[in-house]
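Only one structure is covered here, and it is reproduced in the block below.
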Amino acid sequence: MPVDLSLYLVTDSTPAILKGRDLCTVVESALQGGVTVVQYRDKTNDTGLLVETARKLHQVTKKYNVPLLINDRVDVALAIGAEGVHLGQDDMNFTEAKKLLPENAIIGISTSSVEEAKKAAADGADYIGIGTMFATPTKTNTKSVIGTAGTQVILDAIKDSAIGTVSIGGINHSNVQRVLYQSQSPKKALDGVAIVSAIVAADDPKASAEQFVELIRNPPRFA
Ligand code: TZP
Ligand code: MG
């Protein structure tokens, strides 16, 4: 696995989550706290704005030697030389993206079923996002909420593949250890967790990320 997926930050530019703060400043704070990969996720259709923001974010992530992945838009990733992309089931398919991107680009795929996960693994994706773990106000058009039980079934189905895995949806400091622990199948565990609001909307994104790093590193403690 070319990328450390353990604490995967997904950005959100909506005012309610950014609370008037500058995205690059929030991301830099999260990087100081120990985020290991950043996905720029922005649903605007303004390509100029996407390229401009992605370029600024890339300047920041490069300082921390952390890969920047672009959500949905292979063209934006190519324009700024990002380390990779994250594609949903309705975005450009893996094979097309693989053809367009540099050989070493990271390609991640969103999955919410065994079929989707097996296909991503067979295609040769670097990692899959598995979700939605818990219902979340950050993304309300999610196909299915699968919880730790559904995640475990997916992990078991791809246990013979080296593909990376992250869980996404409603993950916070209170449930992250349970997510990691209870999702494990006997032969495959999650490589990390993908977080939006618990870091981006936190008053102190650095402290939030540090707290996640501690929780991820240490053995689980939950009631
Ligand atoms: N995909 C499934 S849930 C989700 C995405 C992008 C949003 C997760 O956001 P949060 O704030 O970490 O619950
Ligand atoms: Mg998408």
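The values are calculated or read from the model by the stated rules, or taken from the named source; none is laboratory data. These numbers come from a predicted model, not from an experiment. Neighbour counts are summed over all protein chains in view; Cβ atoms, including those assigned to glycine, are modelled from backbone coordinates with ideal geometry. Only protein heavy atoms, including side chains, enter the accessible area calculation; ligands, DNA and RNA are left aside. Shrake-Rupley method; radii C 1.70, N 1.55, O 1.52, S 1.80 Å.
Within region 64-80, can one find any residue that is closer than 23 Å to Val193 by Cβ and among the β-branched types (Val, Ile, Thr)? Among the residues of region 64-80, at least one is closer than 23 Å to Val193 by Cβ and among the β-branched types (Val, Ile, Thr), which makes the answer yes.
For beta carbons closer than 6 Å, sequence separation of 6+ or different chains, a first residue in region 86-99 that is within 16 Å of ligand 1 (Cβ to nearest atom) and a second that is open to solvent by less than 70 Å² (accessible area, probe 1.4 Å), the qualifying pairs are His86/Gln39; His86/Leu69; His86/Asn71; His86/Gly108; Leu87/Ile109; Gly88/Ser110; Asp91/Asp72.
Screening region 142-168 for residues that are assigned to a loop (DSSP other than H, G, I, E, B) and surrounded by fewer than 17 Cβ atoms within 10 Å (Cβ to Cβ) and picking the one that is farthest from ligand 1 (Cβ to nearest atom) gives Asp160. Is it the case that Ser197 is hydroxyl-bearing (Ser, Thr, Tyr) and touching a residue at least 60 places away in the same chain (Cβ under 8 Å)? Answer is yes for this residue.
Among the residues of region 67-85, which ones are part of a loop (DSSP other than H, G, I, E, B), out of contact with any Leu (no Cβ under 6 Å at 6 or more places or on another chain), more than 12 Å from ligand 2 (Cβ to nearest atom) and without any contact (Cβ under 8 Å) to a residue 60 or more places away in the chain? Result: Gly81, single match. A search for C-beta distances below 9 Å between a residue of region 206-223 that is closer than 16 Å to Val37 by Cα and any residue that is among the polar types (S, T, N, Q) and part of a helix (DSSP H, G or I), counting only pairs 6+ apart in sequence or on different chains, returns Lys206/Ser29; Lys206/Gln32; Ser208/Ser29; Ala209/Ser29; Ala209/Gln32; Glu210/Gln32; Ile216/Gln177.
Screening Thr44 against (1) crowded, with 17+ Cβ neighbours inside 10 Å; (2) within 16 Å of ligand 1 (Cβ to nearest atom) leaves a single unmet condition, (1).
Modelled with pLDDT of 95 or more and within 16 Å of the chain's Cα centre (by Cα), is that true of Val38? So Val38 fits the description; yes.
Residue count for region 116-141 under the criterion of being open to solvent by less than 50 Å² (accessible area, probe 1.4 Å), over 24 Å from Glu96 (Cβ atoms) and out of contact with any Lys or Arg (no Cβ under 9 Å at 6 or more places or on another chain): the result is 4.
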